[in-house]
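S.K.: Below is a structure I'd like to ask you about.
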Amino acid sequence: MTNFEVVKSIETDFNIKITKFRSKATGLTVILVDCQAPLVNGFYAIATEATDDDGCPHTLEHLVFLGSELYPYKGVLDSLANRAFADGTNAWTATDHTCYTIQTAGSQGFLNLLPIYVDHILYPTLTDSGCYTEVHHVNGKGEDAGVVYSEMQGRENSGESRVYLRYKRLMYPEGCGYRSETGGLMENLRVLNVETIRQYHRDYYRPDNLCLIITGKILHDELLKTLNPIDERISKKSSLQIHKRPFVDSAPIQLLEKSIQEEIEFPDEDESMGQVVITWLGPLIDEFLEIKALEILHTYLTDSAASILQKEFVEIRDPLCTDISIMIEYQTRTAILSAFSNVPTEELEELANRVFQVFNRIVENEGIDMDRMKTVIQLTKLRILNKIESSPHYFSDACIVDHVYGKQTGEDLERATKDLKYYDQLLEFTEQQWIQYLKKYHLNNNHITLLGKPSAEFAEKLREQEEKRIEKQRETLGTEKLKELENRLEEAKKLNDAPIPSRIIENFPVPSVDSIPFIKVITGRNKSEGKYKNLVQEHLDHDSKIDIPYFIQYDHINSAFVTISLYIVTTNIPFELRPYINIYLGSFYSLPLTLPDGTKLTFEQVVSQLNKDTVKYDYSLGYNENFQQLVVFHIEVEASKYVKAIQWLNHLLWHTEFTAERLKIVASKLLNEIPEAKRDGDDMASTVMQLINFDEKLSNTYLSSTLYQEKFLPNVIKQLNGDKANQVIQRFYQFRELLTKPENSRIHVSGNILKLANPKNAWAEHFKTIEAPKSLTPVPLSQQFLTEFGRNPGNQGFIVKLPAIESTFSIHTAKGPLGFDSPDLASLLVLFELLQAMEGLFWKLIRGQGLAYGTYLRVNAEYGHIYFDIYKSPDAFKAYEQARKAVFDLADKKIEFDKASFEGAKSGVIYSLVKKEGNIFKAATESFVVQVLKDLDAEYNKNLIAKVQAVNIEDLYPMLTKYLVNLFKPETSNVVVISAPAKVKDIEQGFNGHGFKLKVRNLDSIIKK
């Protein structure tokens, strides 16, 4: 017997069934999105409305994980999740909802964890001590800390956050939930108390306000069998009552009475580039066709180099911005947010004015290009189909919106998931209808324009204010009070860290690996040489007896799309040409070209035709931050356009024309993006570490880096503007000639190979005819391009001052296992997971004590390195110090590994390996990467899973002494710290005290050129 009734059953247009259940006893809602995938996802959404900046929604998102009524132990949920073939749990806080997430390999662990997760959401402990460490506290030095506080400190004064908050303040009145900073402002978090948070939980964390959204393959009977006891327990604790629905039952959003323009400062030493944000109010939340029409119109305006706004502001000789996005925020009345990134500060107001001039031109003179509009609609349909194949969990967003705003009958959810129907209607729109939408929502609609302007003076002002505030806080508290606060913190930590009874962990079953539904990929090659004997290889062998002089691997998956990826080795590119790699890649899909029949296409025609013929196209330097000496080009098409994709690659590789104008535009865009990139502390830590580790003449990693390109690009632009333009153009032709030598290329084709009529012969007919190379250039590994400090880390590092941030970041590098088949790899992966897993030792000692938002241990066998990262810390040295002590205590056996968490760590590693093949496209790509780039057996990941399962706890100690301790010794590690200027002195003293000799630098002085 069950209390759950089927409210709505929806057959989507994508062969995915959605079922909405609701308990008549408790009001608990469950939405099951039934789709075939090896991973099962949970999105547990609660509508949360706040009319202040205290941050209660955000603080609860953190405190929920500190224990529940049935499981009153901090970290027990994550410890159990680690045993369920998951990588812990996660959550996010939006303006209108809080969502708790879990992703597991297979459904067994997911269902086992579900009752425990719901108990944490509805019945958390919310202790004083948990709030003290997790939200905010003042430590013995008079400094503010806490996990939530550190997170908000890291973003409150970023340009994006300051502009976004100001938009909310101007658009919505006092008392409106859309106006608030639900993450919490620092000044509010400093005075927030736990009782306020508890009251917020009582108000909003009710079963009738909770929706469990589940995507993946789970049988209905098994799901209801798990849900029924949960619902019964809830019904015994509370009866179903009628409550005000957040937002839905609040006052409606009023339209703006007038347009507003303001300038918003944000801290940065580099004052060259700012941002423009223009916002309007849009349709009501249930006007689905209106919303879809606007989304299409915005895509038409911004989607590519051929779009109107891109041509007007980006694809010009002196770009006014580098990127444009227009998005719709879903709320009772939607909001439209347009963002123009990396705008020269002197052009901020000019750009804002010209946006409306362009809109007026479209309405009054230029009209809508209906052929391109049709292409945009059809391409959007294809991209949705493609996204559903690559992410079967696509419908989770629509389910969350429906829970917050939709009718409880499910009819809005059904309307929201009928995407294709709306696009068919939009194909019938006239030009005048599109113009009316532009007028209604963008021209005849009051708006807010915000000019985000970087300011070195403001950065200095914030620094001085924070220093004075801390100093005053110390004086006010006094020595005795600070000691008392330090003791209180230590006491809170002890209470929070009460050990989880081992029986709870050990009694939670670890699922069988056999329960994971792996995706099957069948491989063939144009020259199999007897390696493959399967249906795909037979199909290839029957296709053509013509010798195809290229290396091509075909990976068969059940897809309506075909992806062609070209992996090209760059080792033959000399130093004098290698720095041009970023411009070459950035211009690859947007140059004019001459077709073999002599037809000339402008770059706009190239981009427009590419959008008609392909689903998507892109490039990358390397693959997932590895194999950086390769460049990779991808083209994805409907299977029926397989030949078109081959033809396009042929055209783009050999028939495009490098022109001074196009190269200068691309180079200027790249240069204008750099100031924004330099505001990212985490990214800059990684960049500086790469400059230490990689060769400055041979390595793509070094020469393509933000800091190197910042020095290189201005000179290229100057030459393109002057009498050396032809010399620069010739360098690009030389670059291409060397790059496209046949021995450099490996081709990967993935899709439904058995349905391709001529998978091999199409290459003979439509790709460049070449003489077969005697041998392929070996796939180079990044470890071959390390500096002496990269090969033998030690006694090298920097503390870099970055005024744009208020927190600190660090990266530590040491030698690691060399090669993907290293016998140490499985044990080291388990060790790292055991330490860094949610509620692992590092988590408890660092995040749990508010010393950083996160820490991460990484192995890179392609580099031969291991890494320790500290992310968003009030003081990176203190976080490092805690990790160091833990590692040395483990190595010296002063403390022992947590045996109860050991199986969970192995489960977490298995999850991460399964996730690599988490959808059909990933599985096909991984097949190529493993077999071709890594030169290993196709079953490598499954074999590694077996090795992980065989690891025992004693295998971890040699990994500690051989590898991990070296991350915490100055003579065996390289260190980069990126810090707010006010914190540099303390961090320098801390590391010097441990024997490090870190050089203090500004970003601009890292590369001296």
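The values are calculated or read from the model by the stated rules, or taken from the named source; none is laboratory data. This is a predicted model, so every value here is computed, not measured. Here Cβ is always computed from backbone atoms with ideal geometry, including for glycine, and neighbour counts include all displayed protein chains.
S.K.: Among the numbered criteria (1) buried (at least 22 other Cβ atoms within 10 Å of the Cβ); (2) more than 30 Å from residue 260 (Cα to Cα), which single criterion is violated by residue 154?
M.R.: The one condition residue 154 does not meet is (2).
S.K.: Now for a separate question. Can you tell me which residue within the range 894-903, out of those that are free of Cβ contacts under 8 Å to residues at least 60 places away in the same chain and not acidic (Asp, Glu), is surrounded by the fewest Cβ atoms within 10 Å (Cβ to Cβ)?
M.R.: 894
S.K.: Also, I was wondering about something else. Which one of these is part of a loop (DSSP other than H, G, I, E, B) and at positive phi: 893, 872?
M.R.: Only one candidate passes the filter, namely 893.
S.K.: Here's a follow-up. Is it the case that the range 129-136 has a residue that's surrounded by 19 or more Cβ atoms within 10 Å (Cβ to Cβ), within 26 Å of the chain's Cα centre (by Cα) and not polar (S, T, N, Q)?
M.R.: Scanning the range 129-136 turns up at least one residue that is surrounded by 19 or more Cβ atoms within 10 Å (Cβ to Cβ), within 26 Å of the chain's Cα centre (by Cα) and not polar (S, T, N, Q).
S.K.: Quick check, is residue 576 assigned to a helix (DSSP H, G or I), surrounded by fewer than 19 Cβ atoms within 10 Å (Cβ to Cβ) and either touching an Asp or Glu at 6+ places or on another chain (Cβ under 6 Å) or not hydroxyl-bearing (Ser, Thr, Tyr) (or both)?
M.R.: no
S.K.: With the structure loaded, tell me whether residue 145 is farther than 30 Å from residue 348 by Cβ and either crowded, with 24+ Cβ neighbours inside 10 Å or free of Cβ contacts under 8 Å to residues at least 40 places away in the same chain (or both) or whether it fails that test.
M.R.: Spelling it out, it is not the case that residue 145 is farther than 30 Å from residue 348 by Cβ and either crowded, with 24+ Cβ neighbours inside 10 Å or free of Cβ contacts under 8 Å to residues at least 40 places away in the same chain (or both).
S.K.: Of the residues 639, 645, which single one is within 15 Å of residue 589 (Cβ to Cβ), among the small types (Gly, Ala, Ser), touching a strand residue (DSSP E or B) at 6+ places or on another chain (Cβ under 7 Å) and in contact (Cβ under 8 Å) with a residue 24 or more places away in the chain?
M.R.: 645
S.K.: Would you check if there is a residue in the range 117-134 being of a type in the set (Asp, Glu), modelled with pLDDT of 95 or more and in a helix (DSSP H, G or I)? Give the steps one after another, and end with the answer.
M.R.: The first filter runs over the range 117-134 and keeps only residues of a type in the set (Asp, Glu), leaving 119, 128, 134.
Next, from what is left, pick out any that are modelled with pLDDT of 95 or more: 119, 128.
Those still in the list that are in a helix (DSSP H, G or I) too: 119, 128.
The answer is yes, given that some residue of the range 117-134 is of a type in the set (Asp, Glu), modelled with pLDDT of 95 or more and in a helix (DSSP H, G or I).
S.K.: Among the residues of the range 493-504, is there at least one that is in contact with a Gly (Cβ under 8 Å, 6 or more places away or on another chain), part of a helix (DSSP H, G or I), touching a residue at least 12 places away in the same chain (Cβ under 8 Å) and crowded, with 20+ Cβ neighbours inside 10 Å?
M.R.: Yes, the range 493-504 has at least one match.
S.K.: Is at least one residue of the range 457-464 outside the structural domain of residue 554 (by TED's automatic domain parsing) and in contact with a helix residue (DSSP H, G or I) (Cβ under 6 Å, 6 or more places away or on another chain)?
M.R.: Yes; the residues of the range 457-464 include at least one that is outside the structural domain of residue 554 (by TED's automatic domain parsing) and in contact with a helix residue (DSSP H, G or I) (Cβ under 6 Å, 6 or more places away or on another chain).
S.K.: I'd like the full set of residues that are touching a helix residue (DSSP H, G or I) at 6+ places or on another chain (Cβ under 9 Å) and modelled with pLDDT of 95 or more, limited to the range 970-982.
M.R.: Those that are touching a helix residue (DSSP H, G or I) at 6+ places or on another chain (Cβ under 9 Å) and modelled with pLDDT of 95 or more: 970, 972, 973, 974, 975, 976, 977, 978, 979.
Each row is one residue, and each column tells you yes or no for (1) farther than 22 Å from residue 736 by Cβ; (2) touching a His at 6+ places or on another chain (Cβ under 6 Å); (3) among the small types (Gly, Ala, Ser).
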| position | (1), (2), (3) |
| --- | --- |
| 632 | no, no, no |
| 668 | no, no, yes |
| 689 | yes, no, no |
| 716 | no, no, no |
| 721 | yes, no, no |
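S.K.: When the range 310-356 is examined, which residues are found to be among the aliphatic types (A, V, I, L, M) and either outside the structural domain of residue 400 (by TED's automatic domain parsing) or not in a strand (DSSP E or B) (or both)?
M.R.: Within the range 310-356, 314, 316, 320, 348, 351, 352, 355 qualify.
S.K.: Outside the structural domain of residue 978 (by TED's automatic domain parsing), modelled with pLDDT of 95 or more and either buried (at least 19 other Cβ atoms within 10 Å of the Cβ) or under 30 Å from residue 86 (Cα atoms) (or both): does that describe residue 778?
M.R.: No.
S.K.: Would you confirm, using the coordinates I've provided, whether residue 909 is of a type in the set (A, V, I, L, M), part of a helix (DSSP H, G or I) and surrounded by fewer than 24 Cβ atoms within 10 Å (Cβ to Cβ)?
M.R.: When the stated conditions are applied, residue 909 does not pass them.
S.K.: Another one. I need the full set of residues from the range 209-221 which are in a helix (DSSP H, G or I) and at pLDDT 95 or above, in order please.
M.R.: Selection gives 209 alone.
S.K.: Shifting gears a bit: Please list, ordered by first then second residue, the pairs with beta carbon atoms under 9 Å, 6 or more apart or interchain, first in the range 690-703 and more than 16 Å from residue 572 (Cα to Cα) and at pLDDT 95 or above, second surrounded by fewer than 21 Cβ atoms within 10 Å (Cβ to Cβ) and of a type in the set (Phe, Trp, Tyr).
M.R.: Close Cβ pairs (under 9 Å, with a partner that is surrounded by fewer than 21 Cβ atoms within 10 Å (Cβ to Cβ) and of a type in the set (Phe, Trp, Tyr)) amount to 692/789; 693/789.
S.K.: For the range 594-624, what are the residues that are surrounded by 18 or more Cβ atoms within 10 Å (Cβ to Cβ) and assigned to a strand (DSSP E or B)?
M.R.: Within the range 594-624, 601, 617, 621, 622 qualify.
S.K.: Which residues, taken from the range 238-273, are out of contact with any helix residue (DSSP H, G or I) (no Cβ under 7 Å at 6 or more places or on another chain), free of Cβ contacts under 8 Å to residues at least 40 places away in the same chain and either over 30 Å from residue 179 (Cα atoms) or not polar (S, T, N, Q) (or both)?
M.R.: 239, 242, 244, 249 - these are the residues of the range 238-273 that are out of contact with any helix residue (DSSP H, G or I) (no Cβ under 7 Å at 6 or more places or on another chain), free of Cβ contacts under 8 Å to residues at least 40 places away in the same chain and either over 30 Å from residue 179 (Cα atoms) or not polar (S, T, N, Q) (or both).
S.K.: Name every residue in the range 296-335 that is of a type in the set (A, V, I, L, M) and touching a residue at least 40 places away in the same chain (Cβ under 8 Å), in order of residue number.
M.R.: Going through the range 296-335, the residues of a type in the set (A, V, I, L, M) turn out to be 296-297, 301, 305-306, 308-309, 314, 316, 320, 324, 326-328, 335.
Across the range 296-335, the qualifying residues are 296, 297, 305, 306, 308, 309, 314, 316, 328, 335.
S.K.: Being acidic (Asp, Glu) and in the same structural domain as residue 565 (by TED's automatic domain parsing) narrows it down to one of 538, 490, so name that one. Even if it seems obvious, please write down each step before you answer.
M.R.: On the way: 490 fails: in the same structural domain as residue 565 (by TED's automatic domain parsing).
Just a single option satisfies the conditions, and that option is 538.
S.K.: Which one of the conditions (1) touching a His at 6+ places or on another chain (Cβ under 8 Å); (2) part of a helix (DSSP H, G or I) does residue 182 fail to meet, given that it meets all the rest?
M.R.: Here residue 182 meets the rest and fails (2).
S.K.: Related question: Go through (1) part of a helix (DSSP H, G or I); (2) in contact with an Asp or Glu (Cβ under 6 Å, 6 or more places away or on another chain); (3) under 30 Å from residue 647 (Cα atoms) one by one and return the number of the condition residue 758 breaks.
M.R.: Answer for residue 758: the failing condition is (1).
S.K.: Residues that are surrounded by fewer than 22 Cβ atoms within 10 Å (Cβ to Cβ), of a type in the set (S, T, N, Q) and at pLDDT 95 or above: does the range 73-90 have at least one?
M.R.: no
S.K.: Here is a further query. Which of the residues spanning the range 339-385 are at positive phi and crowded, with 19+ Cβ neighbours inside 10 Å?
M.R.: Applying the first criterion (at positive phi) to the range 339-385 yields 342, 367.
Once the filter is applied, which keeps residues that are at positive phi and crowded, with 19+ Cβ neighbours inside 10 Å, the range 339-385 yields only 342.
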